[in-house]
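The values are calculated or read from the model by the stated rules, or taken from the named source; none is laboratory data. Keep in mind it's a predicted model, so treat the numbers as computed, not measured. Methodologically, a virtual Cβ is constructed for each residue, glycine included, from the backbone with ideal geometry; neighbour enumeration extends over all protein chains shown.
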Amino acid sequence: MSLETSVRFVKGVGPGVAGKLARLGISTVGDLLEHYPVSYQDRTKILAFSELADGIDAFARGKVISAVVSPAGFGLAVFKSTISDGKDVARVTAWRKFNPWARYDIFAALKRDFERGKEVFVWGRVRKSGQDVEITLKEYEPADAGESGRVTGGIIPVYPLTEGIKPAGFRKIMKAAVDGYAASAADFAAASPVVPDGLAPRRRAIAEIHFPPDFEAAERARRSLAFGEYLIFQTAMAVARGVADSRRKPRPLEIRRNLLTGFKANLGFEFTRAQKKAINEIFRDMTSARPMRRILIGDVGSGKTAAAMASMLLSVENSRQAVLVAPTEILARQHFETVSKFTAGLGVKVELVTGATSSRAGSKTAARRRMSSGEADIIIGTHALMEDPVAFADAGVIVIDEQHKFGVSQRLKLRLKAPCADILLMSATPIPRSLAIVMYGDLDVSVIDELPPGRIPVKTMMMTDSEACGFAAKELAGGNKVFIVYPIIDPSENLFIRSAKAEAERLSKEVFADYKVGLLHGRMKSADKAAVMEAFRSGALDVLISTVVIEVGIDVPSATLLIVEHADRYGLAALHQLRGRVGRGDRQSYCVLVADSPTDEGTVRLRVLLETSDGFEVSRADMRMRGAGRIIGTEQHGRGELDLRVVDFEKDKEILETAKKAAALMSRVTPLPPAVKAELALRYGDNIMMPQAG
């Protein structure tokens, strides 16, 4: 059986479930098996009610004494059952959205399984006061389910899921996939010329990372899979380096300073030590015969854009074009305004090209003509620059901002428009240099690890929703502007969270009636988004209610307060990026995190933000919590990525070093071992050179 088999063939996956799995990037059996747990719950011990402690998640068993459903107001109802473990009793509660006119009973399964006299296993959060014990139900299972159907006991994997897929149901699907297909997984790591001791074969590792007999087996499985995926990663990097190193520029650039001197005067500030070091590294590459392949890493507000502009002007003063690509039209327009401002009076022609507009007179056809003829010196745009009709006269450098927002295939498409151009990627995910060198194996790394002097750190606080609104009113009264971010656009029947549209309407009438309130989200037309941002920037709007569309690069110096609603639903990197939207002026700025009932994991993430504003520290904490995450990829999800899902760069240093050495040895062998070649083809199709795109 092939791992490329559609996930529809796995037991328990019908058309509806398949559609929901697709939202997780799961379309094949291989995708499913590589959807690894993020943590585990220890349900090996059934606790007596007397052993339960307040605030813990616990696994218990009891006999049902009574069960009842009661309305709770606000469109909710609560199921309450009293169960006994033979000595003590506990109250089990489950909350649901309730519609009295619904055609089906949302509590039907609970009523059936919690009939008086039946025994159940329960897993949930404990609230204990004296002898009073309440368990808020997360999962349950009838005690008579039998071992073959057991999904609640033992060491339980915890997966990242999507709306409409329950953990217990997903585990059943995963169990079917492991039992039916894991044996088909090729053990490409066995082809490595060197293999660390103590690793499991890939088939066994896949089975045990999902359903480990103990925690030791789970860690052994993770390390085994980490070695394999990093071996493939480094082999691809080695092949890519070999291809890229064979290229030579037709003519290296020269530092002439006729534009760079004027640019520096226009800036009006001195570069920091870290900026100077990064610019020197970039210039050294650009004046060499080998095309630059460098990534510039820095925290929010560290001055990456200024360093990138220096590289662009070096290209222009050598009579070559410079290209800057941004992931959104809002950010592209902002870059256009910034570059235009700091090149004023230098005779540099700057062109903005997005999917909707061109910055200069005439149609997009005329803009393409200016690019292909060389009339445009600096070209700034979005993914529109990757379209087939777009051609550059002679691009000397291509700068890709927020590089993780673009897939490898997109970056490669742009690269092919100028095969010998210097490539500079920019990332606002601030990771340590040593880690970046490991992660971006085929790129040289520059790090800007300090902020410009005089920058006032953003103060981060936790508040309730009402406290946050009161704080916003004070900031607005002082003449400042406010961002408020929500995780979803429209209200959801299945999610107990506030939405941007509904709250924009409510807040504009009830809380901020004396101020101008705007709404921004990803489903708006590009022109409408640009108009809203310009209104906020210019002062026509006081409050901007938005989704995470503002995460990337929005610069409004007069905004001093960012409120993130349901902050526990965001990852650390996203929260830190959002926090970077304020603190860009000379006034004290604040980031307020609102979380109604955060999970344990969510609480830990928020605590990191409260304790540090250093992006590198935030990134280290993020790595500790969830591993390295996905590095680069041809899609947002799926096995088509060159990604690292289980690698832990801090814990796995030895096996990663071994994998890197093994990859270097294998890349020199022609042909590659068949299993390794097949895995590379599976992840990259026919284009093994893809990693060179960054």
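Here are some conditions: (1) outside the structural domain of A559 (by TED's automatic domain parsing); (2) modelled with pLDDT of 95 or more. A436 meets all but one. Which one does it not meet?
(2)
Among the residues in the stretch 34-51, are any in contact with a helix residue (DSSP H, G or I) (Cβ under 7 Å, 6 or more places away or on another chain), over 30 Å from D132 (Cα atoms) and modelled with pLDDT of 95 or more?
No: the stretch 34-51 contains no residue that is in contact with a helix residue (DSSP H, G or I) (Cβ under 7 Å, 6 or more places away or on another chain), over 30 Å from D132 (Cα atoms) and modelled with pLDDT of 95 or more.
Condition check: assigned to a helix (DSSP H, G or I), in contact (Cβ under 8 Å) with a residue 12 or more places away in the chain and more than 28 Å from D299 (Cα to Cα). Does A540 satisfy that?
No, not satisfied.
Hey, T305 hits all of (1) over 21 Å from V447 (Cβ atoms); (2) in contact (Cβ under 8 Å) with a residue 12 or more places away in the chain; (3) among the β-branched types (V, I, T) but one; which does it fall short on?
Condition (1) is where T305 drops out.
Restricting to the stretch 78-127, name every residue that is farther than 28 Å from P157 by Cα, at pLDDT below 95 and hydrophobic (A, V, I, L, M, F, W, C).
Hits for the stretch 78-127 are F98, W101, A102.
Can you tell me which residue in the stretch 589-603 is nearest to the chain's Cα centre (by Cα), limited to those that are of a type in the set (D, E, K, R) and at pLDDT 65 or above?
So the residue we want is E601.
Quick one: would you say A189 is within 26 Å of R23 (Cβ to Cβ), in contact with a helix residue (DSSP H, G or I) (Cβ under 8 Å, 6 or more places away or on another chain), assigned to a helix (DSSP H, G or I) and free of Cβ contacts under 8 Å to residues at least 60 places away in the same chain?
no
Condition (residue is buried (at least 18 other Cβ atoms within 10 Å of the Cβ), outside the structural domain of P487 (by TED's automatic domain parsing) and either modelled with pLDDT under 95 or polar (S, T, N, Q) (or both)) applied to the stretch 217-225: is it met by at least one residue? If you could, list the steps in order and put the result at the bottom.
Let us first name the residues in the stretch 217-225 that are buried (at least 18 other Cβ atoms within 10 Å of the Cβ), namely 217-218, 220-225.
Checking the rest, the ones that are also outside the structural domain of P487 (by TED's automatic domain parsing) come to 217-218, 220-225.
Filter again for either modelled with pLDDT under 95 or polar (S, T, N, Q) (or both), leaving 224.
Looking through the stretch 217-225, at least one residue is buried (at least 18 other Cβ atoms within 10 Å of the Cβ), outside the structural domain of P487 (by TED's automatic domain parsing) and either modelled with pLDDT under 95 or polar (S, T, N, Q) (or both).
Return the residue satisfying two criteria in turn: it lies in the stretch 330-354 and is farther than 23 Å from F269 by Cβ and assigned to a loop (DSSP other than H, G, I, E, B), and of such residues it is nearest to the chain's Cα centre (by Cα).
My answer is T354.
Where the second residue is among the acidic types (D, E) and the first is under 16 Å from M312 (Cβ atoms) and lies in the stretch 267-280, which pairs have Cβ atoms under 9 Å and are six or more apart or on separate chains?
That search, which allows pairs on different chains as well, returns Q275/E450.
Does V485 count as out of contact with any strand residue (DSSP E or B) (no Cβ under 8 Å at 6 or more places or on another chain) and among the hydrophobic types (A, V, I, L, M, F, W, C)? Spell out how you get there, then give the answer.
Numbers: out of contact with any strand residue (DSSP E or B) (no Cβ under 8 Å at 6 or more places or on another chain): no; among the hydrophobic types (A, V, I, L, M, F, W, C): yes.
When the stated conditions are applied, V485 does not pass them.
From L21, L47, L32, grab the single residue that is surrounded by 15 or more Cβ atoms within 10 Å (Cβ to Cβ) and assigned to a loop (DSSP other than H, G, I, E, B).
Values: L21 fails: assigned to a loop (DSSP other than H, G, I, E, B); L32 fails: assigned to a loop (DSSP other than H, G, I, E, B).
Only one candidate qualifies: L47.
Quick one: R220 ticks every box in (1) farther than 30 Å from S667 by Cα; (2) not in a loop (DSSP other than H, G, I, E, B) bar one, so which box is it?
R220 satisfies every listed condition except (1).
Across the stretch 490-548, what is the number of residues that are charged (D, E, K, R), buried (at least 17 other Cβ atoms within 10 Å of the Cβ) and modelled with pLDDT of 90 or more? Explain how you work it out, then say what you get.
Start the filter on the stretch 490-548 by keeping residues that are charged (D, E, K, R), which leaves 490, 493, 498, 501, 503, 505-506, 509-510, 514, 516, 523, 525, 528-529, 534, 537, 542.
Next cut, buried (at least 17 other Cβ atoms within 10 Å of the Cβ) only: 498, 501, 503, 529, 537, 542.
Filter again for modelled with pLDDT of 90 or more, leaving 501, 503, 542.
Summing the residues that are charged (D, E, K, R), buried (at least 17 other Cβ atoms within 10 Å of the Cβ) and modelled with pLDDT of 90 or more in the stretch 490-548 gives 3.
Would you mind stating whether N258 is polar (S, T, N, Q), over 30 Å from the mean Cα position of the chain (by Cα) and either part of a helix (DSSP H, G or I) or modelled with pLDDT of 90 or more (or both)?
So N258 does not fit the description; no.
Hey, can you tell me all the residues within the stretch 200-216 that are in contact with a Ser or Thr (Cβ under 8 Å, 6 or more places away or on another chain), among the hydrophobic types (A, V, I, L, M, F, W, C) and either in a helix (DSSP H, G or I) or surrounded by 22 or more Cβ atoms within 10 Å (Cβ to Cβ) (or both)?
A205
Can you tell me which residue among P250, P291 is outside the structural domain of S315 (by TED's automatic domain parsing) and not in a helix (DSSP H, G or I)?
P250
For R411, which of the numbered conditions (1) at pLDDT 75 or above; (2) crowded, with 22+ Cβ neighbours inside 10 Å fails to hold?
That leaves (1) as the condition not met.
Can you pull out every residue in the stretch 339-366 that is modelled with pLDDT of 85 or more and closer than 15 Å to V325 by Cβ?
Of everything in the stretch 339-366, those that are modelled with pLDDT of 85 or more and closer than 15 Å to V325 by Cβ turn out to be V339, V350, E351, L352, V353.
Give the stretch 298-329 a look and list any residue that's closer than 27 Å to S589 by Cα, of a type in the set (V, I, T) and not in a helix (DSSP H, G or I), or say none.
V300, T328
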